[in-house]
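Shown next, in structure tokens, is the structure this report addresses.
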């Protein structure tokens, strides 16, 4: 393992001391140009950031709505293997493709702008959440399912009356995480023209406006922290059994 690590590191350039030292100097020059922030770009950056949050929000909601019924079809303890195998294969493909690639696909399909970003986030969220949900759903106590099965309950009733209520804590928690993740993804997708704050970042980098880029980065950081705090509040407020540690 050690030999493989050092061989791979040398192949990737991590042992090139001259190149690394030159990189440190270049980073120093970059940081020098990034400060102080250019607050004249605040309005433009805020508008792009709002668009990023909208992309993440709408895409997460669409992905969530699609993932609930499809993830239920992947339950091996309710549906036959002929159904679950096909559903899981499709979800595996959707999940394997990076969100940035989906963004490129939809930029080609519908053109530049936030619509491509929304579609990319929706598809990726659908694949990712479906995986998390069907794993959580399969963790439901078998005795609960058996109690309903002996009453002659249909598969739909099993999902509605047993699987969803028993898994709701996980569903809410993973949904909040997905939204936080999509905020970051939406920012990156702008680099391929899918709208949002990333598109503005590319513009500032290409025009060498690094101080304006700093303003965008600070605003993005503040937004991510605010969303993280809000998600923590929702977890404390609505997830039974969640308690913060005592001081």
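Worth a mention:
- Region 141-168 - residue that is free of Cβ contacts under 8 Å to residues at least 40 places away in the same chain and crowded, with 20+ Cβ neighbours inside 10 Å and, of those, nearest to residue 61 (Cα to Cα): 167
- Exclusive hit being part of a helix (DSSP H, G or I), farther than 20 Å from residue 132 by Cα and free of Cβ contacts under 8 Å to residues at least 40 places away in the same chain, set 230, 212: 230
- Here residue 51 clears all of (1) under 22 Å from residue 205 (Cβ atoms); (2) surrounded by fewer than 16 Cβ atoms within 10 Å (Cβ to Cβ) except the condition numbered (2).
- Every listed requirement among (1) surrounded by 19 or more Cβ atoms within 10 Å (Cβ to Cβ); (2) modelled with pLDDT under 90; (3) under 19 Å from residue 193 (Cα atoms) is met by residue 75 save one, (3).
- Residue match in region 52-68 (condition: over 13 Å from the mean Cα position of the chain (by Cα), in a helix (DSSP H, G or I), without any contact (Cβ under 8 Å) to a residue 12 or more places away in the chain and within 14 Å of residue 155 (Cβ to Cβ)): no
- The sole residue among 104, 118 that is in contact with a helix residue (DSSP H, G or I) (Cβ under 7 Å, 6 or more places away or on another chain), buried (at least 18 other Cβ atoms within 10 Å of the Cβ), modelled with pLDDT of 90 or more and assigned to a helix (DSSP H, G or I) is 118.
- Test for residue 137: is it more than 13 Å from the chain's Cα centre (by Cα), surrounded by 17 or more Cβ atoms within 10 Å (Cβ to Cβ), over 29 Å from residue 222 (Cβ atoms) and at pLDDT below 90: yes
- Test for residue 27: is it in contact with a helix residue (DSSP H, G or I) (Cβ under 8 Å, 6 or more places away or on another chain), part of a helix (DSSP H, G or I) and either surrounded by fewer than 16 Cβ atoms within 10 Å (Cβ to Cβ) or without any contact (Cβ under 8 Å) to a residue 24 or more places away in the chain (or both): no
The values are calculated or read from the model by the stated rules, or taken from the named source; none is laboratory data. For clarity, every value in this text was computed on a predicted model and none was experimentally measured. No Cβ is skipped: glycine too gets one built from the backbone with ideal geometry, and neighbour counts run over all protein chains shown.
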